[in-house]
Every structure is written in structure tokens, then in C-alpha cells.
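One structure is given here, and the rest of the page talks about it.
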Amino acid sequence: MAAPAHVPDVFDPRKYADGVPHDDFAWLRRHAPVSHQEEHEIGDWPAGPGFWAVTRYSDVVAVLKSATAYSSWLGATQIRDPDPADLPFIRSMMLNLDPPEHGRLRRLVSRAFTPRRIDRFRHEVAERARLLVDGVVERGECDLPVEVTDDYPLRNLADLLGVPESDRRMLLEWTNRVIGYQDPEHSEVIRDSDGKPVNPRSPAMLADMFAFAQDLAAFKRRNPADDVMTALATAEPDGRGLADAELEMFFFLLSVAGNDTVRSALPGGMLAFAENPDQLRLLLEDPGLLDSAVEETLRYHPPVLSFRRTATADTELGGRRIAAGDKVVVFHCSAHFDERRFPDPHRFDIRRTPNDHVAFGNGPHVCLGAHFARLQLRAFYREALWRMRDLRVTGPVERLVSNFINGIKHLPVAFTPGTR
């Protein structure tokens with residue numbers, strides 16, 4: 001591969017509207033696996049100090065596994081630095097904590113995510129997939145995210161949390177506000193008194209979500225049910241439940257990350273099958289490949305593009321000297337196509353093994369909801385792929401403008417109605 005005139009820019013969120021820039025990442029993995037990236041001004045958002053982009057699989061895993069060397073707490077986990085006044089607030093989210101505090105909170109919250117509780121929703125999840133496919137299958141065409149897949153994880157998550165039916169659309173509004181802030185279709189830039197754009201993750205922008213979380217927790221204490229919010233809102237036997245701020249931040253994490261992971265993964269997986277009909281035929285002929293097919297869709301279209309850490313001390317990574325306080329950003333979407341780890345990585349192969357992707361992270365911050373996400377993906381593919389026969393893309397694929405979430409906003413498809 002010929003070297004470009006300069007190191008490819010993999011920061012600009014607008015670039016991802018055309019899909020993952022695989023050629024750029026391939027060049028970086030080969031020539032500059034840890035490269036310094038300019039964090040230039042984008043629209044209303046000011047320039048930042050820059051960061052180190054980590055693109056090889058082995059280095060990505062090394063960063064994710066070492067909370068000692070690469071902190072989630074120092075600067076939080078988004079590429080852009082938060083407002084210094086907001087940083088203490090943002091640090092209270094479990095996603096942005098380091099051990100040992102992260103472990104304490106994770107152990108407490110994991111009691112709400114027991115396999116028994118999650119598996120209790122298996123039937124409801126499968127039934128929801130059936131009903132959503134029912135709504136479009138006889139037409140033989142649809143815009144898959146808008147008409148089907150956007151609603152699916154939202155409703156499943158609302159069931160798991162115990163959010164009343166009348167309040168569920170707010171989950172989607174909050175997700176679009178926080179995740180889609182870089183995208184013109186979803187964003188509405190709010191400015192402070194000095195004319196600066198307000199971070200959508202700031203306390204002021206999340207006040208309505210946190211007020212709802214506290215109201216819902218109070219309701220669950222009066223009316224307990226077998227759902228996650230009841231488990232989080234109810235004191236543990238030793239009297240140590242979640243503090244109010246911890247409960248609010250965990251509700252935020254679940255409502256946004258829990259929804260958007262599956263919301264992004266599903267249309268990406270369906271697109272992969274539409275573009276690789278041989279693999280779709282293989283799955284239809286051998287349903288026993290469904291589990292490995294789910295893993296390959298997560299590798300081929302990781303729902304999360306990148307995550308940020310901050311170096312805690314001077315160190316070395318990929319042959320580069322990293323200074324204490326530097327931003328270090330791992331790119332899952334590059335690691336998943338690293339030829340050193342995944343032979344023929346651009347081939348969509350539902351029989352790929354081993355398939356140790358990092359779609360749900362690695363190390364102490366591995367996704368707490370991965371089991372529920374996989375349950376939803378299996379149920380949806382089991383329903384949709386068998387009933388949307390001869391799946392094909394019929395128009396432009398419109399992607400989210402984001403360097404964080406690998407989202408698909410519009411995916412027009414046509415198909416032949418099939419039987420379950």
C-alpha cells in the first residue's frame with residue numbers, strides 16, 4: 001500500500017458517514033499503528049489537543065486490559081475533553097471509573113443483571129422481533145432502521161428496566177441527543193451564555209433524564225417488580241444500595257449505551273448478510289451457525305468505533321512514547337480488521353473461528369449487558385433472516401456522522417416474504 005502524503009485523519013466524524021475508512025486504518029496498522037491525530041475544529045465544536053490513535057488488535061487489547069496504565073477516570077472515555085466543570089460529574093459513571101471503585105460499583109450493579117432475570121425476557125424479545133417483522137414483511141420492502149430495528153432494542157430495554165409504556169419514547173430522544181450530537185439529523189446545538197456549544201453529556205443537558213430516573217426509582221420502591229430498576233433502587237441486605245447519583249448515572253448508561261449498541265449492530269448485521277448472499281444461504285441451510293454468525297456480525301460491523309483512555313504515566317505503546325496525561329484512543333473498527341489477528345478480515349465469514357472480537361470491550365470494562373445484547377441479536381436474526389428472503393439493498397445507506405457509534409440511520413431493503 002502506497003504511503004499517503006501525511007498520516008490519515010481518523011478523527012473527523014464526517015468521514016464515518018461514508019463508512020469505516022478501512023484503507024486509512026490499514027495504512028496506519030502497517031506504518032503507524034500508534035499515530036498522533038490532530039483534533040481539529042469540526043463545525044460548532046472547537047479544536048482539541050490531539051490524541052494517540054491505537055489501531056492494531058494487540059495494542060487495543062493491551063490498553064483495554066490495563067486500567068493502571070490507561071485510565072477511564074482521568075479524562076473520561078470520549079475523544080473530546082469534557083468541560084472541566086463537568087468532569088467530576090462525568091467521572092461518577094461506572095464506565096468512567098477505575099479500579100477499585102469501578103469493581104465495587106460493578107459488583108453491586110451486576111446483581112441486577114443475573115442470567116435468570118435476563119433470560120426471563122427471552123420470550124418477550126422473540127415475540128417483539130416477530131411483531132416488528134410482521135409489520136413490514138408482506139410489503140416486501142422497508143427502511144430497516146426507521147421501521148424495524150430502531151424500535152426493537154428500545155422496547156426490549158424498557159421492559160428490562162421496567163419503564164412504563166407511556167414514557168418509552170423518551171429513551172429514544174435521550175439516545176439521539178447524546179449519541180447523535182455530531183450528526184445534523186439528530187443534533188440540536190445548545191449554546192451557553194458565552195455562545196459555546198454545551199456538551200450533551202453535561203449535567204444541565206441530562207437533568208430531565210436524571211429527574212425521570214429518580215421518579216422511576218421511587219415508583220419501583222413502592223411497587224417492586226422483577227426488573228432492573230427495582231433491583232437498583234432497592235437497598236441491598238447489608239443496607240448498601242446505589243447512591244442517588246450512582247443510580248442516575250447508571251440509568252443514563254443503560255438507556256443510552258444499552259439501547260444504541262444493539263440499535264447500531266442490527267442494521268449493520270443485516271447489511272452484511274444482504275451484501276454476502278452466500279453467507280445468508282449458508283445460515284438458512286444450517287441454523288446451527290446462528291451463534292457464530294452473531295459473533296461475525298459484531299466483528300464485521302462493531303457497534304462502537306472507538307473508546308478513549310488517558311495515560312497515567314509516561315509509557316511506550318506500539319513503539320511510540322506516550323506522555324502522562326496524553327489521550328489514547330482505541331479503534332475497535334480497526335482492530336477487527338487486523339490481518340495479524342483475523343485472516344482475510346474483509347471476508348464476512350459466519351464460520352470464522354476463533355473470533356475473539358472486542359465489540360463488547362475487554363478487560364475490567366467489558367460490557368455488562370453483552371448477554372442481553374446477544375440474546376436480542378439472535379432473536380431478531382432468527383426471525384428476520386428467515387422471513388426476509390432474497391434480502392437486498394435498494395437505495396443509499398445513510399450512516400451516522402460519528403467517530404464513536406457505528407450507526408446506520410437509513411437502510412432501504414427489499415425482500416421476498418418467507419415463512420418462519
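Looking at region 107-153 only, could you name the residues that are within 20 Å of Ser72 (Cβ to Cβ) and at pLDDT 90 or above? The answer is none; no residue qualifies. Of everything in region 79-106 that is over 21 Å from the mean Cα position of the chain (by Cα), assigned to a loop (DSSP other than H, G, I, E, B) and of a type outside the set (A, V, I, L, M), the residue that is nearest to Asn403 (Cα to Cα) is Asp83.
I need the full set of residues from region 25-84 which are among the aliphatic types (A, V, I, L, M) and farther than 15 Å from Phe337 by Cβ, in order please. Result: Ala32, Val34, Ile42, Ala47, Ala62, Val63, Leu64, Ala67, Ala69, Leu74, Ala76, Ile79. Being more than 30 Å from Asp390 (Cβ to Cβ) and either in a loop (DSSP other than H, G, I, E, B) or at pLDDT 95 or above (or both) holds for only one residue in Ser193, Ser166, and it is Ser193. Of the candidates Asn176, Asn199, Asn156, the single residue that is outside any loop (DSSP other than H, G, I, E, B), surrounded by 17 or more Cβ atoms within 10 Å (Cβ to Cβ), modelled with pLDDT under 80 and of a type outside the set (A, V, I, L, M) is Asn176.
Tell me, which residue of region 342-358 that is without any contact (Cβ under 8 Å) to a residue 12 or more places away in the chain and not charged (D, E, K, R) is surrounded by the most Cβ atoms within 10 Å (Cβ to Cβ)?
Step one: list which residues in region 342-358 are without any contact (Cβ under 8 Å) to a residue 12 or more places away in the chain, which gives 343-345, 347, 354.
Remaining after also requiring not charged (D, E, K, R): 343, 345, 354.
Values: Pro343: 9, Pro345: 20, Pro354: 8.
Once the filter is applied, the top-ranked residue is Pro345.
Can you tell me which of Gly288, Gly369, Gly361 is on the phi > 0 side of the Ramachandran plot and either open to solvent by less than 40 Å² (accessible area, probe 1.4 Å) or not charged (D, E, K, R) (or both)? Walk me through how you get there before you give the answer.
Working: Gly288 fails: on the phi > 0 side of the Ramachandran plot; Gly369 fails: on the phi > 0 side of the Ramachandran plot.
So the residue among Gly288, Gly369, Gly361 that is on the phi > 0 side of the Ramachandran plot and either open to solvent by less than 40 Å² (accessible area, probe 1.4 Å) or not charged (D, E, K, R) (or both) is Gly361.
Of all residues in region 23-47, those that are of a type outside the set (D, E, K, R), open to solvent by less than 60 Å² (accessible area, probe 1.4 Å) and either in a helix (DSSP H, G or I) or at pLDDT 95 or above (or both) total 9.
Condition first: open to solvent by less than 10 Å² (accessible area, probe 1.4 Å), within 24 Å of Asp18 (Cα to Cα) and hydroxyl-bearing (Ser, Thr, Tyr). Can you find one or more residues in region 306-323 that meet it? The answer is yes, given that some residue of region 306-323 is open to solvent by less than 10 Å² (accessible area, probe 1.4 Å), within 24 Å of Asp18 (Cα to Cα) and hydroxyl-bearing (Ser, Thr, Tyr).
Within region 383-409, the set of residues being in a strand (DSSP E or B) and open to solvent by 50 Å² or more (accessible area, probe 1.4 Å) comprises Arg389, Asp390, Arg392, Val393, Glu398, Arg399.
Limited to region 92-119, what total is found for residues that are more than 23 Å from Gly162 (Cβ to Cβ) and of a type outside the set (Lys, Arg)?
Here is the first cut: in region 92-119, the ones more than 23 Å from Gly162 (Cβ to Cβ) are 96-104.
Narrowing the set further to residues that are of a type outside the set (Lys, Arg) leaves 96-103.
Final tally of qualifying residues: 8.
The values are calculated or read from the model by the stated rules, or taken from the named source; none is laboratory data. Predicted, not measured: the structure shown is a model, and the values here were computed from it. Neighbour counts are summed over all protein chains in view; Cβ atoms, including those assigned to glycine, are modelled from backbone coordinates with ideal geometry. Note: accessible area is taken over every heavy atom of the protein model, side chains too, but ligands, DNA and RNA are not part of it. Shrake-Rupley method; radii C 1.70, N 1.55, O 1.52, S 1.80 Å.
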